[in-house]
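Below: one structure, written as C-alpha cells.
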Amino acid sequence: MTLMPHRSGALLLALSATLLPLLASPSPAAALADPGPLRYHRHGADEITRFLTSFYGHHGPTPEYRTHRISQQLKDKQAHSPDADVLLCAQDRPQDISVGPATVAQAAGVGWATVTTSWGSGAIDTFTAYVRLDSVPIALDDVICAG
C-alpha cells in the first residue's frame, strides 16, 4: 500500500468533491451553472395563466396583490399615473375580467397573456399582462394597454 503525502490527498479529495456533481449530472454545464433550486425554476404557461386569473379575479386585483405581487416598475408607473389604474388600463373597475392562455418566450425570460375587460356600457377592452419567468414569487411585471 502506498501512502500519499497530505497535500496530494487533500487535492484528490477536493477534486473528487468538484467532479462528483459533474458525473452525477446529465450535463456538466448544468451542474456548474445551477446555483440552487429556487433560481432554476421558471414559470410555465399554465402557471402564468393560473396566476393572472387569480391576480385579476372578476373585477381587478386585491389591495394585497397590488402591494406584493407587482414589479417595482409597475409601482412606479402607477405613481406617475394617479388618475388611471395601470394594472387594468382603465379609470374604473370593470364588470368582468377574463384571461386568455399564456404564451412563454423562454429566450426572453417572459410570459404573457391577453386580459379582456368587460364594462357595463357593453364595451370590451384588452391589454397584455407580462410575467417574468424567474420571478419569486410569481408577480406581474408589466402591463401594455391596447389603445
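I need the phi-derived Karplus couplings for segment 119-133: 6.51 cos²θ - 1.76 cosθ + 1.60, θ = phi - 60°, integer Hz, Gly and Pro marked x.
So the J values, rounded to whole Hz, are 10, x, 6, x, 6, 10, 10, 9, 8, 10, 10, 10, 10, 6, 5.
Using the Karplus curve 6.51 cos²θ - 1.76 cosθ + 1.60 with θ = phi - 60°, what ³J(HN,Hα) values do you get for each residue of segment 51-60, in whole Hz, with x for Gly and Pro?
Using θ = phi - 60°, the values come out as 4, 5, 5, 5, 4, 7, x, 9, 10, x Hz.
Expressed in whole Å with the largest first, what are the equivalent ellipsoid semi-axes of segment 32-137 derived from the C-alpha gyration tensor as the square root of 5 times each eigenvalue?
For segment 32-137, the ellipsoid semi-axes come out as 27, 16, 11 Å.
Using a 1.4 Å probe on the protein chains only, how many percent of the accessible area of segment 47-147 belongs to carbon and sulfur? It would help to have the intermediate numbers written out before the result.
Numbers: 2880 of 5530 Å².
Ligands and nucleic acids excluded, carbon and sulfur reach 52 percent.
Would you mind checking which residues have amide H under 5 Å from ASP96's amide H? H placed 1.01 Å from N; only 5 or more apart, or other chain.
Amide H neighbours of ASP96, under 5 Å, 5+ apart: SER118.
Given a 1.4 angstrom probe, what's the average accessible area per residue across segment 41-145, in square angstrom?
54
The values are calculated or read from the model by the stated rules, or taken from the named source; none is laboratory data. The structure presented is a predicted model; accordingly, all values stated were derived computationally and were not measured. To get the accessible areas, we keep the full protein, side chains included, count just its heavy atoms, and leave off ligands, DNA and RNA. Shrake-Rupley method; radii C 1.70, N 1.55, O 1.52, S 1.80 Å.
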